[in-house]
Amino acid sequence: MDYLKENLVDYIFAALETAKKTKSMLPQLPKDTKPVYIRVLRAISKIRDDNGYTRITHINKALQFSLPNTTKYINEMLCLGLVEKSNHPSDMRVVLIHLTELGEQYLEKYVTTYHNHLHEEFEKIGEDNCILMIETINKVYDAVKRVYQ
């Protein structure tokens, strides 16, 4: 067995540790702000209507979370002043979500600015390499899951 094959598992886990370190280099979020909130803000910004509103079910679908988790995150974000809830004018059963001014500021600072910089760097790596990395990480996850579950 050659050296690479003999140590492949070690190399894969070392690369996963590097990925974890990479994620830890992202900008520090404000107190009590979870990284998932930034994902929710980004989803809202992508799917909101012309008036800035979207439904919780649409956010849930965009993020592919469970509905209870989406509702939980929205409620936590309400407490932090990142989003506001309101009812649809013609159907009071429908709950609409929109970003507050603070939510818009977080979106600009933690999504738009950093994503633009990262996009420039990732373009240097190449789209094909980035897609291959994503697919490979997902395959590694599936393999580890098969072994340990």
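The values are calculated or read from the model by the stated rules, or taken from the named source; none is laboratory data. No experiment lies behind these values; they were computed from the predicted model shown. Backbone-built Cβ (ideal geometry, glycine too); neighbour counts: all protein chains shown.
Worth pointing out:
- Residues that are under 15 Å from the mean Cα position of the chain (by Cα) and either over 24 Å from LYS23 (Cβ atoms) or polar (S, T, N, Q) (or both) within region 96-112 comprise just one, THR112.
- Looking only at region 64-100, and only at residues there that are surrounded by fewer than 13 Cβ atoms within 10 Å (Cβ to Cβ) and among the hydroxyl-bearing types (Ser, Thr, Tyr), the one that is nearest to ARG48 (Cα to Cα): SER86
- Listing of helices (runs of 4 or more DSSP H) fully contained in region 20-125 that carry 1 or more residues being acidic (Asp, Glu) and over 26 Å from TYR141 (Cβ atoms): 67-80, 101-107, 114-125
- All conditions in (1) of a type in the set (Val, Ile, Thr); (2) farther than 29 Å from THR33 by Cα; (3) within 20 Å of the chain's Cα centre (by Cα) hold for ILE125, with the sole exception of (3).
- Filter result (acidic (Asp, Glu) and on the phi > 0 side of the Ramachandran plot) within region 1-55: ASP32
- Residue check: VAL147 meets all listed conditions (1) closer than 29 Å to LEU16 by Cα; (2) surrounded by 11 or more Cβ atoms within 10 Å (Cβ to Cβ) but one, namely (2).
- Evaluated against (1) of a type outside the set (Asp, Glu); (2) at pLDDT below 95; (3) under 15 Å from the mean Cα position of the chain (by Cα), LYS21 falls short on exactly one condition, (3).
- On inspection, THR57 passes the criterion of being hydroxyl-bearing (Ser, Thr, Tyr) and surrounded by 10 or more Cβ atoms within 10 Å (Cβ to Cβ).
- Among (1) loosely packed, with under 14 Cβ neighbours inside 10 Å; (2) of a type in the set (Gly, Ala, Ser); (3) at pLDDT 95 or above - the single one ALA43 does not satisfy: (1)
- Of the criteria (1) in contact with a strand residue (DSSP E or B) (Cβ under 8 Å, 6 or more places away or on another chain); (2) touching a residue at least 12 places away in the same chain (Cβ under 8 Å), which one TYR37 fails: (1)
- Scanning region 74-128 for residues that are in contact (Cβ under 8 Å) with a residue 40 or more places away in the chain and among the hydroxyl-bearing types (Ser, Thr, Tyr) gives TYR106, TYR110, TYR114.
- Any hit, region 93-111, residues being among the aromatic types (Phe, Trp, Tyr) and more than 13 Å from ARG42 (Cα to Cα): no
- VAL36 surrounded by 14 or more Cβ atoms within 10 Å (Cβ to Cβ) and closer than 25 Å to ALA15 by Cα: yes
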